[in-house]
Amino acid sequence: MSRLVAIVGRPNVGKSTLFNRITGHRHAIVDDMSGVTRDRHYGTGDWNGVEFTVVDTGGFVPDSEDTFEAAIRDQVHIAIEEAAVLLFIVDAQSDVHPLDNEFAEVLRKSKKPVILVMDLILI
Ligand SMILES: Nc1nc2c(ncn2[C@@H]2O[C@H](COP(=O)(O)OP(=O)(O)OP(=O)(O)O)[C@@H](O)[C@H]2O)c(=O)[nH]1
Ligand SMILES: [Mg+2]
């Protein structure tokens, strides 16, 4: 899978909304409730005629013992590993969240190129 772009971030910051916007479909479930996306979810985007694969991931919660959150974490690590570039989504309507800081550390360790995406104003 070439040119893989992974959409990552803490829960409920608009990752699936951006995924749907990039792919032009509404395949990813968007909801007010956090923890809605639990699996990796692939789609295709196009940037000026260049096709790329994009993956939506669940919200990353470090160190949680919740079974679902732990499973989501595993999925996010796989997506980070296979991606060429990471879109780190944060909610610009709120202050920097402690989970953003902790997740930033995970991204730094990955040594992958990271693009910070904030204030989506998509809808
Ligand atoms: N106003 C506004 N609301 C947004 C925007 N992006 C997402 N939302 C809303 O924020 C909520 C969460 O959006 P999702 O796209 O499901 O967020 P997510 O990061 O995929 O959430 P999880 O999969 O649970 O981690 C939904 O109610 C969206 O409608 C935006 O750009 N502006
Ligand atoms: Mg989601």
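The values are calculated or read from the model by the stated rules, or taken from the named source; none is laboratory data. Remember, predicted model here, so these are calculated numbers, not experimental data. Cβ coordinates were reconstructed from backbone atoms using ideal geometry, including for glycine residues, and neighbour counts include every protein chain displayed.
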Margin query: For the stretch 14-36: of the residues being assigned to a loop (DSSP other than H, G, I, E, B) and either small (G, A, S) or modelled with pLDDT of 95 or more (or both), which is surrounded by the most Cβ atoms within 10 Å (Cβ to Cβ)?
Written below: G14
Next item on the list: Give the residues of the stretch 49-70 that are in contact with a Leu (Cβ under 7 Å, 6 or more places away or on another chain), outside any loop (DSSP other than H, G, I, E, B) and within 14 Å of ligand 1 (Cβ to nearest atom), sorted by residue number.
Entry: V55
Notebook entry, point to check: Is one or more of the residues making up the stretch 13-30 within 17 Å of V85 (Cα to Cα), within 7 Å of ligand 1 (Cβ to nearest atom) and of a type in the set (D, E, K, R)?
Noted result: yes
Margin query: Pairs please, first residue from the stretch 10-21 and under 21 Å from N101 (Cα atoms), second anywhere and part of a helix (DSSP H, G or I) and more than 8 Å from ligand 2 (Cβ to nearest atom), Cβ atoms under 7 Å, 6+ apart in sequence or on different chains.
Written below: R10/L99; R10/D100; R10/F103
Next item on the list: Specify which of the listed residues (D100, D91) is charged (D, E, K, R), surrounded by 13 or more Cβ atoms within 10 Å (Cβ to Cβ), within 15 Å of ligand 1 (Cβ to nearest atom) and at pLDDT 95 or above.
Entry: D100
Checklist line | the stretch 1-47 - residue that is over 21 Å from V90 (Cβ atoms) and of a type in the set (K, R) and, of those, nearest to ligand 2 (Cβ to nearest atom) | finding: R26
Check: Applying the selection to the stretch 83-105, what residues are closer than 18 Å to R40 by Cα and within 13 Å of the chain's Cα centre (by Cα)?
Finding: A83, V85, L86, L87, F88, I89, F103
Check: Among D39, D63, D56, which is modelled with pLDDT of 85 or more and surrounded by fewer than 16 Cβ atoms within 10 Å (Cβ to Cβ)?
Finding: D63
